[in-house]
Structures are given as structure tokens and as C-alpha cells.
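Right, one structure below, let's go through it.
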Amino acid sequence: MSAARSRLRLVAVWLVFLALAGVIAAVEYADRAESGGAGEALDGTDAGLLLPVSVDRISAIELGHAGKLHRFERDRTGAWFYHGIHTEPESEQEHRADPAMAQRIANAFAALGRTRIERRFPLDPQSRQYGVTAPGTLLLLYRANDPQPLAQYAIGDIAPDTFSRYVLRIGDAEVLTIPNYQVDNLLTLIK
């Protein structure tokens, strides 16, 4: 009797395990389908995120706002600093990140890296709807040793709900919405 009871318990444990694995798989499948089902971005990140790669793989970010370009880069240790635009060659410049400012910049960019796309709308290039065809703010992301931007974003108007902001990945046919506070976080870095 004891051996039969042990086998029944073992079978029950395996059945519970398989049922839990099935539930987890179903939840994951439903979550991916809900986030657009687009799979993964360039470096395996969630395609429901705004950025195509992890912030760790970005070496510079430019933020154009109100007619001025603000550039943030990483130093040799990986700390962020405000760079600006220089005319002399990069090799002749010495950059040191202020630890407090570096942490503030890193926190803002880490939050940007976690930004999820809320909604998607078709883009009508002839329309001024959403404010992305003549944006007041541009965001450009760069990888190390690559002069061409990895991604470019036109940041448009605040949505009527006042909690979201319209964003266009340059070259896409969809306007996205993201939480407006993410844009506010970036703009506080340049104020």
C-alpha cells in the first residue's frame, strides 16, 4: 500500500507541475499577444518597448529641443555626461563625468529604456495631427563608434488625456504614444 500511495503522490506532483507549466506558458503567450505580438527588437529586448535596444548598448543620445541640440555621451568608464557639440576632434577632448549629474542622467535614460508603447495610430504625413510632422523635440540614439543614429524619434504633442505623448520613430508609418512623464524626465536634463 505504501509503494502505491508513493507512486500516486509522485504522479500527482508531476501533474500539478505540468499544469503550472501550462498556465505559465498560456499567460506568457497572452502577454506577448497583448503587447502587439511583435516579438523581439534588435538585441532581443521586448518589442513593446520604445527603444530598439537596451540602454546599455547606447553610447550617445542627442536631444534636440527648442532649436538647440544637447548631446549626452558615456565616458571611458561608462558614466554619462553632458557633451554638447564641439568643433575639435574627439581624441583631443578630455571628458570627465560629474558623479551626481552622471547618476541623474543614467536614471533618466534607464527610465527611457523601460518606456512601453501604449497605443499605435496610422500616420497621415499630410496631417499635422499628433504634432510629429513638425516636432518641437527630437531624440537620436547612437551606438559606439557609429556616426549614424541607430534610431530617431520625433516627439509630438501631448495627447488629450494629458498623460501620454505622441512619438514617431522616423521612417515608421505609425505614431506611438508613451507616458508623457518620460519626455518630461528627458527635458529636465537640459533645463
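Please treat every number below as a calculation from the coordinates, not as lab data. No experiment lies behind these values; they were computed from the predicted model shown. Using ideal geometry, Cβ is built from the backbone for each residue, glycine included, and neighbour counts are taken over all protein chains shown.
Would you work out if the range 143-191 is rounded, prolate or oblate? Take a ≥ b ≥ c from the square roots of the eigenvalues of the alpha-carbon gyration tensor; rounded if a/c is under 1.5, else prolate when a/b is larger than b/c, oblate otherwise. Because a/c hits 1.5 or more and a/b fails to exceed b/c, the range 143-191 counts as oblate.
FRET efficiency for the R114 to D75 pair, using the beta carbon distance and R₀ = 25 Å, is estimated at 0.60. Peptide packing: for 160-170, 176-186, the average count of neighbouring Cβ atoms within 10 Å per residue gives the ranking 176-186, 160-170, highest mean first. When only the Cβ of Lys, Arg, Asp and Glu is charged (+1, +1, -1, -1), the dipole of the range 49-191 relative to its Cα centre reaches about 340 debye. In plain terms, the chain from L187 to S127 could stretch by 19.0 nm, reckoned as 0.36 nm per residue minus the Cα-Cα distance.
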